[in-house]
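The values are calculated or read from the model by the stated rules, or taken from the named source; none is laboratory data. Values in this document were obtained by computation on a predicted structure and should not be read as measured data. Here Cβ is always computed from backbone atoms with ideal geometry, including for glycine, and neighbour counts include all displayed protein chains. Note: areas computed on protein heavy atoms with side chains; ligands, DNA, RNA excluded. Shrake-Rupley method; radii C 1.70, N 1.55, O 1.52, S 1.80 Å.
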Amino acid sequence: QLQLVQSGGGLVQPGGSLRLSCAASLFYLEDYTIGWFRQAPGQERKLVAIITTGGSPNYADAVNGRFTISRDNAKNTVYLQMNSLKPEDTAVYYCAARRSYLGYSGRPSDYKNWGQGTQVTVSS
């Protein structure tokens with residue numbers, strides 16, 4: 001069973017920073033496109049950032065310039081660095097993996113392997 005284990009998250013004041021981690025077990029992340037998604041209460045799950053096996057990142061407009069996705073294949077881990085956080089960034093954040101040969105996708109339904117989710121709350 002492919003597993004993605006998330007860490008990080010929590011409560012932060014507006015303007016603060018957090019880093020989320022997504023570590024894989026039983027498979028190599030380097031063979032997968034990794035996406036970070038978020039879901040706020042009452043809303044659908046949406047793509048935040050995505051990184052290909054080649055390391056090319058792409059971001060949702062809402063986070064572009066504030067969030068950075070990166071991968072460390074030696075540690076089998078993908079990160080999401082979140083800076084200049086805003087209250088509207090409050091959500092449960094999920095990482096997800098998709099085999100690279102399936103192509104690029106930002107749709108949650110195209111991802112079969114998910115992390116457990118972690119709460120990020122931005123509030124003063």
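For LYS75, the aspartates and glutamates whose Cα comes closer than 17 Å to its Cα, not counting residues fewer than 8 places off in the same chain, are GLU30, ASP31. Here the accessible area is traced with a 1.4 Å probe on the protein chains. For the chain, carbon and sulfur cover 46 percent of it.
Counting Lys and Arg as +1 and Asp and Glu as -1 over every other residue whose Cβ lies under 13 Å from the Cβ of ARG45, the net charge comes to +1.
Summary value for the chain: 36 percent relative contact order, contacts being C-alpha pairs under 8 angstrom separated by 6+ residues. Per residue, the convex hull around the alpha carbon atoms of the chain comes to 94 Å³.
Think of each Lys and Arg Cβ as +1 and each Asp and Glu Cβ as -1; about the Cα centre, that makes the dipole of the chain roughly 60 debye.
The trypsin sites (Lys or Arg not before Pro) found in segment 1-104 that occupy coil by DSSP, while having at most 14 further C-beta atoms within 10 Å, are LYS75. With the cut-off at 1.5 for a/c, could you classify segment 24-71 from its C-alpha gyration tensor as rounded, prolate or oblate? Because a/c hits 1.5 or more and a/b fails to exceed b/c, segment 24-71 counts as oblate. Comparing TYR94, TYR59, TYR28 in a Gaussian network model of the chain (Cα springs below 10 Å), the most mobile by mean-square fluctuation is TYR28. Less than 15 Å from a label point 7 Å out along the Cα-to-Cβ axis of SER84: which backbone N atoms in segment 6-22 qualify, by residue? Residues passing the 15 Å test: 14-18. Computed from the Kirkwood radius of its Cα pairs, the Stokes-Einstein diffusion coefficient for segment 1-57 at 20 °C and 1.002 mPa s stands at 160 µm²/s. Looking at segment 61-124, the pairs of alpha carbons with a distance over 16 Å make up 58% of the total. Once you reduce segment 15-58 and segment 93-124 to the center of their Cα atoms, the two points are 5 Å from each other.
Accessible area per residue for segment 10-124, computed on protein heavy atoms with a 1.4 Å probe, is 51 Å².
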